[in-house]
Amino acid sequence: MEYRRLGRSGLQVSLLSFGSWVSFHKQIDDSIADELMGIAYDHGVNFFDNAEVYALGKSEEMMGRVLKKKKWDRTSYIVSSKAYFGWRGKENKPNQHGLSRKHLIEACNEALQRLQVDYLDLYFCHRPDKNVPIEEVVWTMNHLIQQGKILYWGTSEWSGVEIMEAHRVAQAYRLIGPTMEQPEYNIFNRHKMENEYLEVFKNVGLGTTIWSPLASGLLTGKYNDGIPEGTRLAIPGFEWLKDRTLVEEKVKSVRAYHQVAHEMGVSMAALSIAWCINNPNVSTAILGATRKEQLLENLKALEVLPKVDDSIMQRIDEIFGTKPRLPEY
Ligand SMILES: NC(=O)c1ccc[n+]([C@@H]2O[C@H](COP(=O)([O-])OP(=O)(O)OC[C@H]3O[C@@H](n4cnc5c(N)ncnc54)[C@H](OP(=O)(O)O)[C@@H]3O)[C@@H](O)[C@H]2O)c1
């Protein structure tokens, strides 16, 4: 395993990490979660990602039970939670979601209980909240750090401007700004990581914990001929994700991409993850898996990484046509 610094912080995070969105509680039970987290940890994964909203709290509870059973040294791993969406779904009352001081503190306390840990290593604002002053968010996160309940705070799917605004406020009050951002980054979705955040990386040194490196599985080629039973895009309630992901043009590109992986003698899954971590601004790519075979295949991305040279990158750019255009001046 390779470890990278999380932005300008001193925290070392494994280049591949493991997350629980969709899979924990909805698709897999405690025994599979235990097996997958064990495989990840044994391969050097030191970061496990979670959020209050995943399976409406049940995902954190499941991860908490596994962590308790594993009895790993608490100093050897990093665990996260994220607040914003709340965990009551449609029943959320006004202060049971969002980024107010009230919800951030209550969600943190609840995550600690569900995960059965004394502190969160990483705590994310799962989305920006236009109804809360940024000063309130920055002060609250620093309050939680002072209390020892969280160690680092960050954002997810914030714009570059919003992240810089949080840093401006932090600097004004001599507080700690966001250490990391959790953006989607895969061959289809490159704008933030390769364009919008460039100045943020340069000026404040943002760490990044990448989500959906496989675009929910699309980049493995598994949806090339329809939707296999038991896969994410077949789950009732995830039609919105299916509509967003299974676009004919995208599937066509993935079919052409197959040839690149084939010629390299690697899987599309491992190549897609290697493509993602080839970006030096990626601190860690969070893997998702519902089966042992998937996770073992995805971990091979570390072996594929040295093979991802300029010619491979160029072929991928040509097939997908998703490389952001930067201004020429
Ligand atoms: N901050 C945010 O807003 C946000 C949003 C989304 C996710 N996340 C985080 O990022 C993590 C990873 O995201 P993700 O789960 O969407 O990642 P992903 O890598 O894009 O998709 C993972 C899914 O693809 C399928 N898959 C994985 N490896 C495969 C393989 N080798 N062959 C065939 N199918 C394979 C599995 O689903 P099936 O077996 O069901 O097909 C697996 O659950 C999440 O767990 C979560 O922690 C954060």
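Read-outs throughout are calculated quantities, based only on the coordinates presented, and are distinct from any laboratory measurement. Fair warning: this is a prediction, and the values are worked out from it, not measured in the lab. As a convention, Cβ positions derive from the backbone with ideal geometry for all residues, glycine included, and neighbour counts pool all protein chains shown.
Listed values, structure above:
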item	result
Amide proton proximity set for G207, modelled H, under 5 Å, gap of 5+	G7, R8, M180, E181
Per-residue [θ]222 nm for the chain (sum of -39500 (n - 2.57) over DSSP H runs n ≥ 4, rounded to 500)	-12000 deg cm²/dmol
Cα-based Kirkwood hydrodynamic radius, the chain, one decimal, Å	20.2 Å
Estimated inter-spin distance, N195 and E110, nm [label 7 Å along Cα→Cβ]	3.7 nm
Rounded to 5, the percent of DSSP beta bridges in the chain classed as antiparallel	15 percent
Total charge dipole magnitude, the stretch 217-329, about the Cα centre, Cβ charges on Lys, Arg, Asp, Glu only, Debye to nearest 20	240 debye
Rounded to the nearest 20 debye, dipole of the stretch 101-183 from Cβ charges on Lys, Arg, Asp, Glu	140 debye
Residue (of S17, Q146, S59) at the positive-pole extreme of the chain, dipole from beta-carbon charges	Q146
Protection proxy ranking, peptides 150-161, 68-79, 247-258, average beta carbon neighbours within 10 Å, highest first	150-161, 247-258, 68-79
Dipole of the stretch 249-311 [Lys/Arg +1, Asp/Glu -1 at C-beta], most positive-end residue of V304, G265, G288	G288
Cα centroid separation, the stretch 184-235 to the stretch 75-103 (Å)	23 Å
For the stretch 239-266 versus the stretch 108-131, the gap between their alpha-carbon centres in whole angstrom	34 Å
Dipole magnitude of the chain about its Cα centre (Cβ charges: Lys, Arg +1; Asp, Glu -1), debye to nearest 20	560 debye
Within the stretch 1-116, percent of DSSP bridges classed antiparallel, to nearest 5	40 percent
Close Lys-Lys pairs in the stretch 152-258, where close means Cα under 27 Å and separation is 8 or more or interchain	10
Cα-based equivalent ellipsoid, the stretch 1-102: semi-axes from gyration tensor eigenvalues, Å	25, 19, 10
Dipole-positive endmost among P213, C276, L175 within the chain (Cβ charges, Cα centre)	L175
